[in-house]
1. Could you give, in nm with one decimal, how far B:SER178 is from each other copy of that position, shortest first, with labels 7 Å out from Cα toward Cβ?
2. What distance in nm separates the simple spin-label points at A:THR97 and B:VAL195, each placed 7 Å from Cα in the Cβ direction?
3. Tell me, how many Å apart are the Cα centres for the stretch B:280-315 and for the stretch A:112-191?
4. By counting other Cβ atoms within 10 Å of each Cβ, how are B:HIS434, A:HIS199 ranked from fewest to most?
5. What FRET efficiency comes out for A:GLU323 versus B:VAL82 if R0 is 35 angstrom and r is the Cβ-Cβ distance? Round to the nearest 0.05.
6. Can you run phi through the Karplus equation (6.51, -1.76, 1.60; θ = phi - 60°) for the stretch A:102-118 and list ³J(HN,Hα) in whole Hz, with x for Gly and Pro?
7. Quick query: amide H of B:GLY151 versus all other amide H atoms, modeled in the peptide plane; which residues come in under 5 Å with a sequence gap of 5 or more or a different chain?
8. How far is A:PRO222 from itself in the other copies, in nm, if each label sits 7 Å out from Cα along the Cα-Cβ line, shortest first?
Protein chains: 2
Amino acid sequence: MMAVFNRALFQMAAVVSMITLVTFYFMIFHNCSGELTQEAPTTQKLRLPPMSHLPPPGPCTCPGGSTLLKEHLPKDQYGELVKRRAKELHQHKARTTSVLSRLLFASPNSPLQYPIQGFKVLPLTSTLIPGLALHAGQRSSYKVSLNVSKGVLTTEITADGVKVQGHGESRLIMESSSLVTLNYLLAKVSYTSTVYHIHTGDLASFQFENHEAVFPITIKQPLLPVLYDMGTDVSSHVTVITKTFLRYTQLKVLLSSIRRFYSNIEVIIADDSFEPENITGEHIRQYIMPPAQGWFAGRNLAVSQVTTKYLLWVDDDFVFTEETKIEKLVEVMEAVPELDVLGGTVQGNQFYFSLLYEEGEEMDGGCLYRKSNEKFHPLPGYPQCSLTSGVINFFLARTHAVQKVGFDPKLQRVAHTEFFMDGLGSLLVASCDHVSIGHQPKTSHNKDKARYDKFRNPAGMLIPAECDHLPFLSVNESSTGQTTCGRALCADHNFDIKIGER
Amino acid sequence: MMAVFNRALFQMAAVVSMITLVTFYFMIFHNCSGELTQEAPTTQKLRLPPMSHLPPPGPCTCPGGSTLLKEHLPKDQYGELVKRRAKELHQHKARTTSVLSRLLFASPNSPLQYPIQGFKVLPLTSTLIPGLALHAGQRSSYKVSLNVSKGVLTTEITADGVKVQGHGESRLIMESSSLVTLNYLLAKVSYTSTVYHIHTGDLASFQFENHEAVFPITIKQPLLPVLYDMGTDVSSHVTVITKTFLRYTQLKVLLSSIRRFYSNIEVIIADDSFEPENITGEHIRQYIMPPAQGWFAGRNLAVSQVTTKYLLWVDDDFVFTEETKIEKLVEVMEAVPELDVLGGTVQGNQFYFSLLYEEGEEMDGGCLYRKSNEKFHPLPGYPQCSLTSGVINFFLARTHAVQKVGFDPKLQRVAHTEFFMDGLGSLLVASCDHVSIGHQPKTSHNKDKARYDKFRNPAGMLIPAECDHLPFLSVNESSTGQTTCGRALCADHNFDIKIGER
């Protein structure tokens, strides 16, 4: 296969180049003089790329009325926290950035040919660098050099008329009186990374006379793909998960409604009630947590136990109806594999929102905006669904993708938006209006109701309880009055974040 | 596939013709007769980048004695499973690959300047393309065009002496009699992606006469950094986690040994015993699972509940000693933030192994090799630690990194290597010999011992029990006799994988 591909390429290339060659021959025939002098100045003037136009990671200013963290911090803690946060951010950058994000340019009229993208090597493994070549005009002698910083370079040493220095080192210099020979050597140059790393990069500097080209080398340990077996029916690829706390009455209604429509689908229940009741049944798994561990801890526990390709999140006081057709959501996910989360509607209410994140200054953090009822655009081929940043508490999700983001167990109550904040940039989210689930009547005569409410909605928090033990910041969504906070915000110590309508 | 093939062909042809063109230009420059006969053939020989030398995703052949999955599959299931697997792999590729991995070359002697790396845009957000310029010699008129496929292009329309076509479309053509004016227009060109996506790319084609440059555009929604507050002492940044099953005697010994050295460090216990005993105590959290959920399900549950930056994994029959200095492991992790997992020794036994993964053909999967006692090289600055692929059951790990990989709950017993297989390429792992933990005497008179052993080591499995409900393949590590299997293998349906010494 590879061989055929190359031969085809070779022939095609040969033909094209001959044609071009000849055409060009006639073009040039009429006028042999180049205008070097005129070219030089403009070249000079234009060499510098307009760096200033790069999107700067600069500060962002949050609108007035923002809840500023520092105003809520005891003065004596502030200094220490800022120091620790700076160190964490520094480590975060060391982990997430490499030379592969640096801006590089191809300079015009350079005689050098080199790979600008796609040259990938395994750590500690020698790999030939594709496409290196010099296309300079007549010289008495041709001398090029290659420099790397995280590896060594080798080539084939050919005996006569060639000078090679630094074979097996990080700087390789090759000289020959023949361009053909030099290009032969260049075609044989291999790169070997000398430090084991699983995802990083190196920059190679390729030089001839006063020309320099810098190109990236991706050093990557490939991952084994994680593939789930869809099996043959919905219960072989979807698990229903929920979290309960002092609401067994509602939970039982939910469970029987599930069984009405899906007789053998797996159901996982995370339970942090004070006196857990035993919930048993075919394909029902109950996990007992220490009391009052909280909303996200329970979600994260449930997610950690799913073995099917997809999971369906439902609240313990929802109820399956004729419109709760999981298959319809699966159909969309299967058709658009880039999707990670697909929300439906709860009793006809299709809640969704978009998030805008402005990366801020190192010390002050960024600004995060949430806009309710904003979607980006319909999902191609599925007009009932639209891309957005966050959805309602009823969604089908790709198990592996959700496990990667997780529900921060620090968040004990109220949290919902926070999952989508943490997933921003990791989860592709859409909201659909053609699949819905019911909500049980709010006025339940559950003996635990009062106790539940006390936990669920602690009164009069300026900084909500779930933020107390977080390193930082509560965020007040003034537009809705709902108070919310999240790991992304709290642990990221974004001092000036405001969540609210733009 | 065909499309890619053709485009590749076309690009090659373009590259080749330009190169040829320009070399010829240089030749003629110095001497109008030009040695066509001499240069042309060498030109041919040297133009083509050695594509064949790119690491091909081709097949790998596993050594004889490999356990071949297909031999263990009922003939009637085989066909269907292969079809399903093919579909899953196709989806996996749609999720994980983009044009950003395609091999691109900078052609020599091109008058075009353009960004080859680092041009990143937010989805649906207009961003100026840095560094676009033309450096051609004298012409009566200059005409350039830009093409993209996932967005639109705009520039500043300046009134006189300028022709701009396709403003706000995916093909932008600009013409001017003045090179300066044209370069002004080029400096003002902005790209806006038209489809919302969180991580993908576009390729821009930049053309002038018969020169073409293709450069990448990264479309990325930035993630909010996840930063943990280290706090001020070890218990504010490390949680000890374990999993127990019918071994309360050992568990209690472990817990008291922990308290001897760490009075208030958080301990999380995942428990899937048949009749769970209540384990209570300050900073001890016990989670009761349905019975016999298994080894990795328990690990994954425990990991899902950690809120500190680091977690320390220990088996329930280990015992803390004077040498169990968590701080020493934390010190290394803090100094080398790229690290994700740092193993110690158990009773002086420093077990570690390296993994080699050969990506295989689409249908047959790849080959995974495990080499015991192989490390890559010492950790710079920490000679007691060496980089490797997998370590023993006693390790400090970065919580967020481990949560991203997870312990596949499908694996019920014996599994250990599988976590590191799943983490290959995601987790940077090292093994150290300067921190150790003890192991409780094996001969415990636990009444549940027999029952435990029956579950832990089911006798005479050709395909071990934990593989039964996995879509595929058990792998026999002949060298050690230990039988093992993993999601990476089973769910990836790698038919011909063998784990064993190279």
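1. 5.1
2. Result for the modelled spin labels: 3.0 nm.
3. For the stretch B:280-315 versus the stretch A:112-191, the Cα centre distance is 53 Å.
4. Values: B:HIS434 15, A:HIS199 18.
Fewest-to-most Cβ neighbours within 10 Å comes out as B:HIS434, A:HIS199.
5. Values: r = 36 Å, r/R0 = 1.03.
About 0.45, to the nearest 0.05.
6. 3J(HN,Hα) across the stretch A:102-118, in whole Hz: 5, 6, 10, 10, 8, 7, x, 6, 9, x, 8, 10, 6, x, 9, 7, x.
7. Excluding prolines and chain starts, which carry no amide H, the hits are B:THR194.
8. In ascending order, 3.3 nm.
Values quoted throughout were computed directly from the atomic coordinates according to the rules given, and no laboratory measurement underlies them. What you see is a predicted model, and the numbers here were worked out from it, not measured in a lab. Positions of Cβ are backbone-derived with ideal geometry, glycine not excepted, and every protein chain shown enters the neighbour counts.
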